[in-house]
Amino acid sequence: MQKEARYTFVSAMASRYGQRLRRFFSLRLRNEVDAPDLAQEVFLRLMRVEHHETIRSPEAYLFTVASHVLHQHTLRQASTPASLDISAMFAELQLISDDDPSVNADTQQRLKEFERVLALLPPKFSTTLLLHRLAGLSIEEIGQQLGVSRPTAKKYLARALTLCRDAIEEKECRDVP
C-alpha cells in the first residue's frame with residue numbers, strides 16, 4: 001500500500017511540476033539534452049522517500065532535490081576529462097604530401113606513436129575510440145556494437161581519451177631535454 005501511495009505522489013508531482021522541472025534544468029545546463037535525464041533522476045529520488053506525506057511543501061522539496069541533482073551533475077561534468085581530438089590528428093596526417101622524405105618520416109613516427117598508445121589501452125577502450133573516431137559511430141551505436149549500455153560506452157571513450165592524452169603528454173615530457 002505504501003508503494004502505491006508513493007507512486008501516486010510521484011505521479012502527481014510529475015504531472016504538476018514536470019514541465020517546470022525540465023525548464024529549471026534546461027536553463028541551468030550547458031547541454032540541454034541532459035534535462036529529461038536529470039528530471040527523471042529527481043523523480044526516482046522522490047520514489048525513495050518513505051513518508052512523503054510529511055513533506056510540508058512538495059514544490060520546494062522537489063526543487064531542493066533538483067538543485068542537489070544539478071549540483072552532482074555539474075561536479076561529474078567538471079571531473080570529465082578534456083578530450084583529445086584524434087580525428088584532427090588523422091586529418092593532419094592525411095593532408096601531408098608524400099613528396100618530402102622528412103614529412104614521411106614524421107608521419108610514420110606519429111603513426112607508430114599512435115599505435116603504441118592504442119596498444120597500451122585495454123581492448124574495449126581502444127575499440128571504443130576507433131569506432132567513434134574512425135568509423136564515426138555514435139556512443140549509442142558503440143554501446144550496441146559492444147553489447148554495453150550508453151553510459152558504459154561513454155565511460156570507455158572518456159577513459160580511452162584520457163589515457164591517450166596522458167601517454168602523449170608523458171612522451172612529450174620525456175622528449176624535452
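The values are calculated or read from the model by the stated rules, or taken from the named source; none is laboratory data. Since the structure is predicted, the reported quantities are computational estimates derived from the model, not experimental observations. Please note: Cβ atoms are built from the backbone with ideal geometry, for glycine as well, and neighbour counts cover all protein chains shown. These area figures cover heavy atoms from the full protein model, side chains too; ligands, DNA and RNA do not enter into them. Shrake-Rupley method; radii C 1.70, N 1.55, O 1.52, S 1.80 Å.
Roughly what would the spin-label model give for SER138 and GLN2, points 7 Å off Cα along C-beta, in nm?
According to this spin-label approximation, the distance is 4.1 nm.
Which whole-number percent is the relative contact order of region 1-50 (Cα, under 8 Å, 6+ apart)?
43 percent
Through the Karplus equation 6.51 cos²θ - 1.76 cosθ + 1.60, θ set to phi - 60°, convert the phi angles of region 142-155 into ³J(HN,Hα) values in whole Hz; use x for Gly and Pro.
5, x, 5, 4, 8, x, 10, 6, 4, x, 5, 4, 5, 5
Apply the Karplus curve 6.51 cos²θ - 1.76 cosθ + 1.60, θ = phi - 60°, to the phi angles in region 128-139 and return the couplings in whole Hz, x for Gly and Pro.
4, 4, 5, 4, 6, 7, 9, 7, x, 6, 6, 4
Ranked by accessible surface with a 1.4 Å probe, highest first, in what order do TYR7, TYR17, TYR61, TYR156 come?
From most accessible down to least: TYR7, TYR61, TYR156, TYR17.
Report ³J(HN,Hα) in whole Hz for each residue of region 56-65, in order, from the Karplus equation J = 6.51 cos²θ - 1.76 cosθ + 1.60 where θ = phi - 60°; Gly and Pro get x.
Result, rounded to whole Hz: 6, 10, x, 5, 4, 5, 4, 6, 5, 4.
Would you mind classifying region 1-66 by shape? Square roots of the alpha carbon gyration tensor eigenvalues, ordered a ≥ b ≥ c; an a/c under 1.5 is rounded, otherwise it is prolate if a/b is larger than b/c and oblate if not.
Prolate.
Once fully extended, how much extra length lies between LEU27 and GLN108, figured as 0.36 nm per residue of separation less the alpha-carbon to alpha-carbon distance?
Contour length minus Cα-Cα distance gives 24.4 nm.
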